[in-house]
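Presented below is the structure to which this report refers.
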Amino acid sequence: MRFRPLIVSTIALALLPLSGPAYAQDPAPTPQPSVTQTPTEQPPPPPSTETPSDPDGTEPDGTDPDGKVEDGLGVDGGTERAIVELTHPAETAPVATQAAAESVDVVLQPQSQPFMVVEGTAEELARLAEDPRVASIHRDRTYTPAEVAPSLSLIGADKVHAAGNAGAGQVVAVLDTGIDVDHPWFKDRIVAQACFSATEDSGVESLCPNGANEQKDGDAADAMTPKCLLDGVNLCDHGSHVAGIAAGTGGVAPGAGIVAVQVFSRLNDEASCGEPACLVAYESSLRQALDYVRDLNQPVAAVNMSLGGMLYDQSCDATEEGAIFKEKIDALLAKGIATVVAAGNEYYEGTAHPACVSTAVAVGANDNSDTIAEWSNRGPLLDLFAPGVDIESAVPDNTTVVYSGTSMATPQVTGALALMKAASPGKPMNELIETLKSTGRPYVYDVSGTQVTTPRLDLAAALTGAAVQPPVTQTPSPGTDGTIDDTAPEPDPSDSSGPTPAPADPEPSASSTPVPLPTVTVTVTVTETAKLPAAVCTRGTAAQKLTAKKWAVELHRASGTIADETLGCYLKLIGKSSKVFPELTKASSLGTAYRVLKSPQTRKAKLDSALLTAWLNWAHGTNGTTALAAAEKVRLSSKPSAAALKKATSNILKTVK
């Protein structure tokens with residue numbers, strides 16, 4: 001299975017971790033304020049004269065019955081980890097039995113769920129799709145934590161506490177990297193724990209204390225297990241930090257209970273992680289966790305997800321992935337439970353998935369001077385901003401650490417909803433959310449030439465009768481010289497939105513194609529030695545087009561003018577936005593990317609080189625991904641014709657001149 005290089009991005013999936021916390025990390029040139037790409041399909045290239053019946057110019061496939069199998073699954077050989085959606089929960093067991101009998105590896109078979117997870121080749125998945133009980137087959141995508149103050153006074157939480165409301169009687173559920181169960185910040189507050197942690201033979205290990213894919217008893221979400229440790233550093237600190245902000249001793253709702261759910265797995269793959277190991281959360285684990293919370297007999301006010309995946313600049317409700325999560329988010333909302341999700345730390349005019357779901361509460365980050373954090377995603381998809389810069393909270397070993405990221409902003413809203421529900425237990429959750437939005441301080445800013453207003457959380461106005469604060473005009477921008485301001489507070493890469501996620505997603509262009517978010521990078525400092533905050537990884541602003549030859553010079557270590565750290569950031573952003581890199585073609589390191597540009601021997605390799613060149617230009621600041629989306633559709637086909645490959649390559653090369 002090829003792993004999408006998600007970096008730990010703010011474990012609350014708002015610190016920008018790799019399929020984990022959403023912390024802001026990775027130095028990168030100043031990006032333009034673009035939005036995550038929307039799920040709208042890009043117009044495909046004109047059909048090839050050799051295959052007029054196929055709109056994308058590829059030969060008829062026949063291995064994808066009724067279009068059930070996601071494009072690109074196993075097309076270059078090897079096995080893929082995939083979710084098999086079934087027509088009914090009762091079909092799971094019989095279909096799994098039949099698949100196993102045909103040598104397909106069934107790795108997860110949830111009870112009473114209309115899906116299972118398998119590992120199989122393209123041919124095996126195609127045969128499985130022929131079964132009428134199979135509705136569709138798609139990648140079991142991974143998410144990373146989002147990147148991670150005197151923030152309580154800024155949002156008025158101190159006034160709410162002084163009035164006697166600390167959230168008593170309410171519960172918040174934190175789907176993250178577990179929790180330090182004996183940390184003083186959580187004394188007598190943890191009311192339930194669970195773990196849903198996927199495994200694979202290729203280096204993915206469970207973080208459940210029992211070593212299985214699931215655990216619902218004992219300290220199931222314990223963040224101090226041996227698998228959480230790497231060379232003395234705790235990889236699972238993101239969840240504790242997020243939980244502490246929402247409902248810890250120093251948090252927004254210190255009287256509320258906590259349901260801690262471990263949803264991450266340990267990935268031992270230095271090529272994908274950038275270090276010997278990191279954390280990723282699989283879609284299948286997140287789906288199980290959301291259902292677990294739905295079925296709890298607890299007065300849960302909100303679910304916190306400080307993590308993220310693909311980037312969208314429009315609602316993702318209509319996409320397969322978005323529709324699945326929307327159904328679960330709506331089911332929680334019907335029970336009076338809000339789902340609060342980190343928007344991501346990519347300086348993007350949109351959000352990461354699943355914050356793009358219309359019924360989720362998407363949260364961006366501001367600093368303590370009431371300014372949008374330079375690395376925070378923003379735009380009309382966001383519901384609220386909340387403090388996410390220099391936030392101190394709990395981490396394992398009974399200590400506290402300061403992190404920044406949308407992963408840190410998200411639990412501020414989660415805790416706020418616990419206070420709101422404690423004050424008005426009979427009010428529908430939709431009304432409580434709308435109250436937070438209508439009483440928040442308006443941030444007014446420009447997105448692609450259109451004025452956008454997004455409220456900043458203000459509990460004083462929502463709960464104590466204080467007047468709504470006047471609007472403040474924002475001009476979010478990380479700079480103009482292609483670098484990030486080293487003096488500005490930046491989210492910690494190990495504490496991003498969700499479990500350790502991938503680097504901040506790149507800014508999508510005006511096109512509406514979904515951008516894969518190695519949804520979030522989390523970098524949490526757990527050692528006693530102070531660690532300088534990592535620069536935020538965002539798109540550049542040079543908007544300069546380079547040829548494949550010139551990019552090869554830049555990628556060859558120390559031979560170009562662009563810093564290696566910036567180039568590494570570009571590759572991470574490409575990994576979040578492209579379906580080809582690294583799903584089909586490894587280009588996650590400077591060395592592998594250099595070889596892709598310099599060794600185009602076959603037609604597929606030539607298309608890969610052209611695509612990588614165009615994506616690098618996009619990361620450097622140029623706009624436009626329509627041609628890229630169309631060419632990638634050809635590359636993802638299992639049987640592209642020579643004419644289709646040649647035409648797609650030619651179309652891409654026209655964009656890099």
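The values are calculated or read from the model by the stated rules, or taken from the named source; none is laboratory data. Source: prediction; values computed, not measured. FYI the Cβ positions are ideal-geometry reconstructions off the backbone, even for glycines, and counts take in every protein chain you see. Accessible surface is based on the protein model in full, side chains and every heavy atom, while ligands, DNA and RNA are left aside. Shrake-Rupley method; radii C 1.70, N 1.55, O 1.52, S 1.80 Å.
The calculated FRET efficiency for the pair ASP295 and THR592, based on their C-beta separation and a Förster distance of 45 Å, comes to about 0.55. If R0 is taken as 30 Å, the Cβ-Cβ distance between ALA93 and GLU327 corresponds to a FRET efficiency of 0.85. Region 351-381 and region 217-267 have Cα centres separated by 23 Å. Proximity of backbone amide H atoms, modeled 1.01 Å from N, is registered between GLU214 and SER197 at under 5 Å, excluding neighbours fewer than 5 places apart on the same chain. At a probe radius of 1.4 angstrom, the accessible area of region 327-374 per residue rounds to 20 square angstrom.
Note on region 98-236: percent of Cα-Cα distances in each 10 Å bin, starting at 0 and stopping at the bin with the largest distance, equals 9, 27, 27, 20, 11, 5, 0. Please find the FRET efficiency linking THR475 to ASN368, where r is the Cβ-Cβ separation and R0 is fixed at 30 Å, and quote it to the nearest 0.05. Efficiency at R0 = 30 Å is approximately 0.95.
With K and R counted +1 and D and E -1, the other residues having a Cβ less than 11 Å from that of LEU128 yield a net charge of -2.
Modelled label positions at SER112 and ALA605, each set 7 Å beyond Cα in the direction of Cβ, lie 5.4 nm from each other. With the simple model of a label 7 Å out from the Cα in the direction of the Cβ, LYS216 to ALA334 spans 1.9 nm. A Cα-only calculation for region 336-421 places Rg and Dmax at 12.8, 40 Å. What a 1.4 Å probe finds exposed on region 162-287 is 49% carbon and sulfur by accessible area, rounded to a whole percent. Label-to-label distance, VAL468 versus GLU130, with points set 7 angstrom from Cα along the beta-carbon direction: 6.1 nm. Within the shell of other residues whose beta carbon sits under 12 angstrom from the beta carbon of PHE325, the net charge comes to -3, with Lys and Arg scored +1 and Asp and Glu -1. Measuring how big region 182-325 is from its alpha-carbon positions, Rg and Dmax come out at 15.7, 44 Å. If you take all C-alpha pairs in region 577-645, what percent of them are over 19 Å apart? In whole percent, the long-distance tail amounts to 28.
Working ranking of peptides 162-168, 303-309, 637-643, 376-382 by packing, defined as the average number of other Cβ atoms within 10 Å per residue, highest first, is 303-309, 376-382, 637-643, 162-168. Taking the square roots of five times each eigenvalue of the Cα gyration tensor of region 251-358, the equivalent ellipsoid has semi-axes of 24, 19, 14 Å, listed largest first. The packing ranking, built from the mean of other Cβ atoms within 10 Å per residue, places the peptides 190-198, 457-465, 400-408, 105-113 in the order 400-408, 190-198, 457-465, 105-113, highest first. Between THR400, ASN377, CYS316, the Cα set farthest toward the positive side of the dipole of region 295-405 (charges on each charged residue's Cβ, about the Cα centre) is that of CYS316. Computed packing ranks the peptides 238-248, 387-397 as 238-248, 387-397, most packed first, by mean other Cβ atoms within 10 Å.
Compared with the alpha-carbon gap, the fully stretched path from LYS427 to THR249 is longer by 61.4 nm at 0.36 nm per residue.
For region 190-202, putting each phi into the Karplus relation 6.51 cos²θ - 1.76 cosθ + 1.60 with θ = phi - 60° gives couplings of 7, 9, 6, 9, 7, 9, 10, 9, 6, 9, 8, 5, 8 Hz, in residue order, rounded to whole numbers and with x for Gly and Pro.
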